[in-house]
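S.K.: Here it is: the structure, laid out below.
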There are 2 protein chains.
Amino acid sequence: MNIGEIARRAGVSRSTVSYALSGKRPVSATTAQRINDVIAELGYRPNASARALAEGRTRTLSLVIPPASRRLTDVQLSFVAGVVEAAATHDLDVLLSPSGGDHDRSFERVVTGRRVDGVILMEILLDDPRVARLEQESLPFVTIGHVERPGTAPWVDVDYAELITRCVHHLADLGHRDVVLINRSDELVAAGYGPALRSSSGFLTAAEQRGLTAHTVCCADEPAAGLACFEEIRRRWPEVTAAVTINEAALPGLQRALRHAGLDVPRDFSITGVIASRLAEGFHPPLTAADVPAGDMAQLAVDFLVEQIANPGAAPRNALLQPAIALRSSTGARRH
Amino acid sequence: MNIGEIARRAGVSRSTVSYALSGKRPVSATTAQRINDVIAELGYRPNASARALAEGRTRTLSLVIPPASRRLTDVQLSFVAGVVEAAATHDLDVLLSPSGGDHDRSFERVVTGRRVDGVILMEILLDDPRVARLEQESLPFVTIGHVERPGTAPWVDVDYAELITRCVHHLADLGHRDVVLINRSDELVAAGYGPALRSSSGFLTAAEQRGLTAHTVCCADEPAAGLACFEEIRRRWPEVTAAVTINEAALPGLQRALRHAGLDVPRDFSITGVIASRLAEGFHPPLTAADVPAGDMAQLAVDFLVEQIANPGAAPRNALLQPAIALRSSTGARRH
DNA sequence: CGCACCACTCGAACCGGTTCGATGATGGTT
DNA sequence: AACCATCATCGAACCGGTTCGAGTGGTGCG
């Protein structure tokens, strides 16, 4: 069922059908009625490829995700869900493209074949090669997370440095003197993953400012690593009474390690950090933590991108979110 | 950079460039070289929409997921990841389309606009309206899960009835006499969600066969519900000594409830079921369970679909997987 | 009555590829 | 030298939409 067939049956030209559907030029009420009848009868819907070719836009966004093999964290998942949802409000479809590892074929295909109108990058590195690639291709894009020197593209991020700083002050206020940061994995830090680096520097700066003794450890994104990591902390720095973390995947292991060590939270040990609210509430006891507002961020990212696509000349917008720390039950005064 | 520009600079016709790229007709070595040079210099890649229009296929699959608002379970996520991965091996892109609730605009857009070559449906109901819709549109599709009366489409599924039956036998062999099935949510059962219904009937049949007293409960897909659900079980049927479950999302709550009740697994209580291996291993102690081989299923689903697209006349293939129960440490003999 | 204007419709060109039939050059046979 | 097969290439048509400029007929107004 193509537009020519509709036109023939309605006894009009193809262009008239097109105008009747788009409303870009007036069409008499009677012909419009006739066309609509035929369309309703035959169940016509314009061919997306043909329309994309003619209009020069695909009404599709690409969401670039980390390679599927590495399991996505809770926050990442919320981004994906949020982006799909937000795109739907603009009547846009979402193409899922893994990147990194040997999956860059998908990324290249999407970028270079004009397959999408814009790209959403997540898991951004401080100096990310994909950003350069997209700029070179002059394809609109937005990043969730921001590069070291943001340039032409809009971005949305959580202010990790600030939030971690607040966590440290919170712990200092409760009397803690020896604290540790449980960061994301070694590899991510080495690769220049922004949140990990910004958290680390924010943590150390704030601790120094409050005169605390501070340690940082990297921890792979899985429960087993969280367990091992906490045992190492107990061994190396037994005086530590509170931890700050941005590593969601390690939480179950951390919880097991605490129980194993016979430590009660928050009586014997305090925990806080930046964590998806879903996980923070699932912890036992519920975590006092800054929730990453993934849904809001996704919506903002899509909005910024749509804006940039509509008006490529405009100055790129950005947002650095500072969600409040939700006081739950995982932090308490240091015991003497 | 379009094919005409390449042709002009290489001093050949557009068709020659096309043949040089596709290899569908011979091109002399010298002109091929010239064309390749020009392409390398200008970085040309064919426009995906134009190609799709001309070829009549989009090299894209649609993956229909439950509405993004409902959080995806671990198994569902593994499907998504697996499908993306499997599609990449065929050089296909994946369009993510939420369906259900008020998100059916996306589904309709994709189905009816010839936006994709095929569709992968997950979270299939026993009598699913989307299946009828796709059959009517004669768009190739595959289902993960199978409808009551599979017809024209290939499918892949786990044999829930059989696996649950094996779980019951396993528990009966260990001496348990009173068992309970912790199913998925009320709503899913009411909607006619296959795995929930097949698990339930398999469970009851097997229990009767072995002379066990069997109860079943529905439980929403979240930790809090798991906790409440287990407390209800203890209250209503304190004699129950073992549970079978297919509800992954409830596991953390279940675990908390067990600890809260002072029950040791497997000494005081046994747990088994059908669970993603990732979660089964993350449980404490690791769960004896049938792992849903989500990656394999996704790969099979994509392969079947690709086959069906290439050869629409062929009989649809299908696979009913029966992964072995992995013996871990969550089941033990009933104590007297 | 004639003219300008408006509302509506049509045909043709275009988007950027693929594919088919035709054509010209080349070389080998008889 | 005439002929035919083969190979490489070209031009044109097509996929199914959108968009632009150019009619066409009817109306209001001077």
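The values are calculated or read from the model by the stated rules, or taken from the named source; none is laboratory data. The shown structure was predicted, so the numbers you read here are calculated from the model rather than taken from an experiment. Reconstructed Cβ throughout: ideal geometry from the backbone, glycine too, with neighbour counts over all protein chains shown.
S.K.: Are any residues in segment B:309-331 among the basic types (Lys, Arg) and under 18 Å from the mean Cα position of the chain (by Cα), and if so, which ones?
M.R.: B:Arg317
S.K.: Sticking with this structure for a sec: If B:Glu85 satisfies all but one of (1) within 29 Å of A:Val75 (Cα to Cα); (2) buried (at least 23 other Cβ atoms within 10 Å of the Cβ), what's the number of the condition it fails?
M.R.: (2)
S.K.: Of all residues in segment A:131-185, how many are among the basic types (Lys, Arg) and outside the structural domain of A:Val217 (by TED's automatic domain parsing)?
M.R.: 2
S.K.: A further question follows. Let me confirm something: among B:Ala242, B:Ala276, which residue is in contact with a His (Cβ under 7 Å, 6 or more places away or on another chain) and within 19 Å of B:Val168 (Cα to Cα)?
M.R.: Being in contact with a His (Cβ under 7 Å, 6 or more places away or on another chain) and within 19 Å of B:Val168 (Cα to Cα) holds for just one of B:Ala242, B:Ala276, which is B:Ala242.
S.K.: Can you tell me which residue within segment B:6-18, out of those that are in contact (Cβ under 8 Å) with a residue 12 or more places away in the chain and in a loop (DSSP other than H, G, I, E, B), is farthest from DNA strand D (Cβ to nearest atom)?
M.R.: B:Gly11
One line per residue, one yes/no per condition, for (1) part of a loop (DSSP other than H, G, I, E, B); (2) among the small types (Gly, Ala, Ser); (3) within 16 Å of DNA strand C (Cβ to nearest atom):
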residue	(1), (2), (3)
A:Ala40	no, yes, no
A:Pro67	yes, no, no
A:Val75	no, no, no
A:Glu108	no, no, yes
A:Arg115	yes, no, yes
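S.K.: Between a first residue in segment A:276-296 that is within 19 Å of B:Ala257 (Cβ to Cβ) and a second residue that is assigned to a loop (DSSP other than H, G, I, E, B) and of a type in the set (A, V, I, L, M, F, W, C), which pairs have beta carbons less than 7 Å apart while being 6 or more apart in sequence or on different chains?
M.R.: Listed by first residue and then by second, the contacts come to A:Pro285/A:Val265.
S.K.: Can I ask one more? Pull up segment B:147-184, narrow it to residues that are at pLDDT below 95 and more than 29 Å from A:Arg45 (Cα to Cα), then point me to the one that is farthest from the chain's Cα centre (by Cα).
M.R.: B:Arg149
S.K.: Would you point out which residue out of B:Thr16, B:Thr30, B:Thr58 is within 16 Å of DNA strand C (Cβ to nearest atom) and crowded, with 23+ Cβ neighbours inside 10 Å?
M.R.: Only one candidate qualifies: B:Thr58.
S.K.: Further question: Could you please give the count of residues in segment B:31-53 that are within 15 Å of DNA strand D (Cβ to nearest atom) and either at pLDDT below 95 or at the interface with another protein chain (Cβ under 9 Å from one of its Cβ atoms) (or both)?
M.R.: Of the residues in that region, 8 qualify.
S.K.: Just to be sure I understand the filter: pairs with C-beta atoms under 9 Å, separated by 6 or more residues or on different chains, first member in segment B:311-336 and within 30 Å of B:His176 (Cβ to Cβ), second member exposed (fewer than 13 other Cβ atoms within 10 Å of the Cβ). Which pairs pass?
M.R.: Hits for this filter: B:Gly332/B:Arg267; B:Arg335/B:Arg267.
S.K.: Filter segment B:19-30 down to the residues that are outside any loop (DSSP other than H, G, I, E, B) and more than 8 Å from DNA strand D (Cβ to nearest atom) and list them by number.
M.R.: B:Leu21, B:Ser22
S.K.: Taking the conditions exactly as written (within 18 Å of A:Val158 (Cα to Cα) and basic (Lys, Arg)), does A:Arg278 satisfy them or not?
M.R.: yes
So that you can scan it fast, the table gives a plain yes or no per residue for (1) in contact with a Gly (Cβ under 9 Å, 6 or more places away or on another chain); (2) in a loop (DSSP other than H, G, I, E, B); (3) of a type in the set (S, T, N, Q); (4) modelled with pLDDT of 90 or more:
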| site | (1), (2), (3), (4) |
| --- | --- |
| B:Ala257 | yes, no, no, yes |
| B:Pro266 | yes, yes, no, yes |
| B:Arg278 | no, no, no, no |
| B:Glu281 | no, no, no, no |
| B:Asp303 | no, no, no, yes |
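S.K.: Report yes if some residue within segment A:99-118 is more than 12 Å from chain B (Cβ to nearest Cβ) and modelled with pLDDT of 95 or more; otherwise report no.
M.R.: yes
S.K.: When you check A:Gly11 against the structure, is it surrounded by fewer than 19 Cβ atoms within 10 Å (Cβ to Cβ), under 28 Å from A:Asp104 (Cα atoms) and near DNA strand C (Cβ under 10 Å from one of its atoms), yes or no?
M.R.: no
S.K.: Of all the residues that make up segment B:42-52, how many are of a type outside the set (S, T, N, Q) and near DNA strand C (Cβ under 6 Å from one of its atoms)?
M.R.: Residues in segment B:42-52 being of a type outside the set (S, T, N, Q) and near DNA strand C (Cβ under 6 Å from one of its atoms): 3 in total.
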